[in-house]
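A short reminder: the numbers here are calculations on the coordinates, not readings from a lab. For clarity, every value in this text was computed on a predicted model and none was experimentally measured. Cβ: placed from backbone, ideal geometry, glycine included. Neighbour counts: every protein chain shown.
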């Protein structure tokens with residue numbers, strides 16, 4: 001039986017494969033994605049925060065500016081509020097977006113690297129929100145450390161999802 005005939009009329013003993021029907025977004029997928037986001041945040045923050053603090057180029061003003069989003073929740077802008085919002089976003093909002101768009105991102109294989117592609121996209125927004133200014137060394141350090149940190153986050157998120165429940169697939 002040719003592949004075209006088989007896909008046009010599947011036999012009664014074989015159902016469509018996961019690739020054909022997709023992986024539905026279930027509560028389990030959401031919880032695993034948020035767990036992956038949590039682990040990714042825990043792995044990225046030592047590099048993202050630790051290196052700038054160690055080199056004395058950490059700018060708390062950028063975090064306080066970001067913390068103004070907390071006003072929508074009745075939270076006063078502060079470094080603590082900014083860090084809290086950054087952490088909550090990385091463990092809830094970003095994983096939820098990834099389970100929706102992850103199937104459309106490159107590369108085809110290994111699938112967990114789709115998390116790095118995803119993280120690269122939102123890294124651009126991070127650059128805009130937290131641009132440090134300063135000299136070439138500070139900017140270069142910011143670019144490299146923030147990109148590598150985001151790749152750590154994205155690959156962790158992608159790996160946790162791919163290794164446990166899979167990255168959901170969607171038909172468009």
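Here are a few things to note about the model shown:
- Entry note, the chain: the mean residue ellipticity at 222 nm calculated from DSSP H runs of n ≥ 4, each adding -39500 (n - 2.57), is -21000 deg cm²/dmol after division by the residues and rounding to the nearest 500.
- For the chain, the longest principal axis of the C-alpha atoms and the axis of helix 114-130 are separated by about 30°.
- Per-residue Cβ neighbour rank within 10 angstrom, fewest leading, 56, 162: 56, 162
- D_trans [Stokes-Einstein, Kirkwood Rh over alpha-carbon pairs] for the stretch 111-172, 4 °C, 1.567 mPa s, µm² s⁻¹: 102
- Fewest neighbouring Cβ atoms within 10 Å first, the residues 127, 157 line up as 127, 157.
- Degrees between helix 79-91 axis and first principal axis of the chain (Cα, 0 to 90, nearest 10): 10
- Relative intensity, log₁₀ I(q)/I(0), of the stretch 26-164 from a Debye sum that treats every alpha carbon as a point, q = 0.18 Å⁻¹: -1.02
- Averaging the Cα positions of each part gives two centres, and for the stretch 138-172 and the stretch 68-134 these lie 10 Å apart.
- The angle separating the long axis of helix 27-54 from the principal Cα axis of greatest extent in the chain is about 30 degrees.
- Residues 65, 108, 76, arranged from fewest to most other Cβ atoms within 10 angstrom of their Cβ, appear as 108, 76, 65.
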